[in-house]
């Protein structure tokens, strides 16, 4: 199913209270994407400039329900998250086009792959294997002599550890408000740049879901029909490849955006869902500069 049918625009009147008292210029409404509504989009310069915060790390795990080596990679990612509470965010990406890895298995109760996930794979190139991961989208030579964002699960620990030693040039504040009765919400992202960026950045917001019980092939080729899948990419609140930040990214630049959304698919459980926001480069280097996660409900 396509995510564009599942996230619909929330009526503006129902969410205006979230931005009451804002000192910046009034909201700029952007409906061009059709998947999300940018209720607030403001930029200003603050002084003094904030101190750079520690860098968090995003693991994008390219996995599949028909991949016998993938459960071990799931455990690796969970262990890295547990060892670095609040510092590591994970997203499990199931594409639609590599049937040998991603096709639903007998006993499946949900289909985990989607067009948004495949769009990410199409953008960076099919890795040719599962499981692989992108750690902050830093280029590695494990799968390509020229370098690619993909790396093997055996390298996830060292890759993540290297990223976690860094500071970030952009601090992020991520908050969310959700109305259980209407299954509607608004997520606010504040970006505070602490050092200049000579190239443009993008902002991407993923919607993920945990605790999804459906089938998964195991290392012995058995089919576990009660496997618990976490961090599943359901879609995006921005363009899946990010919304460009077309402003001068100098020390003190502050960008504030509020996205509204409406979860209409009855299968999705907001109490198990998260919003993952990250700022990243997109030309030459794809590195993710900062990432944070907030619960939907």
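Here are a few things to note about the model shown:
- Spin-label pair residue 119/residue 297, simplified geometry with 7 Å Cα→Cβ offset, distance in nm: 2.6 nm
- Packing here is the average count of other Cβ atoms within 10 Å per residue, and on that basis the peptides 226-232, 200-206, highest first, run 200-206, 226-232.
- P(r) histogram, all alpha-carbon pairs of the stretch 129-189 included - 10 Å bins from 0, percent: 18, 31, 22, 23, 6, 0
- Relative to the dominant Cα principal axis of the chain, helix 115-124 is inclined by about 90°.
- Column: log10 I(q)/I(0), Debye, Cα scatterers of the chain, q = 0.13, 0.14 Å⁻¹: -0.91, -1.06
- With Cα atoms, 0 to 90° folded angle of helix 70-83 axis to the chain main axis: 40 degrees
- Relative contact order (percent, whole number), the stretch 57-295, Cα cutoff 8 Å, 6+ residue spacing: 24 percent
- Counting only DSSP H runs of at least 4 residues, each contributing -39500 (n - 2.57), and dividing by the residue count of the chain, the helix-based mean residue ellipticity at 222 nm comes to -3500 deg cm²/dmol.
FYI, it's all coordinate maths here, none of it is from the lab. Everything numeric in this text was worked out from a predicted model, so none of it was measured. As a convention, Cβ positions derive from the backbone with ideal geometry for all residues, glycine included, and neighbour counts pool all protein chains shown.
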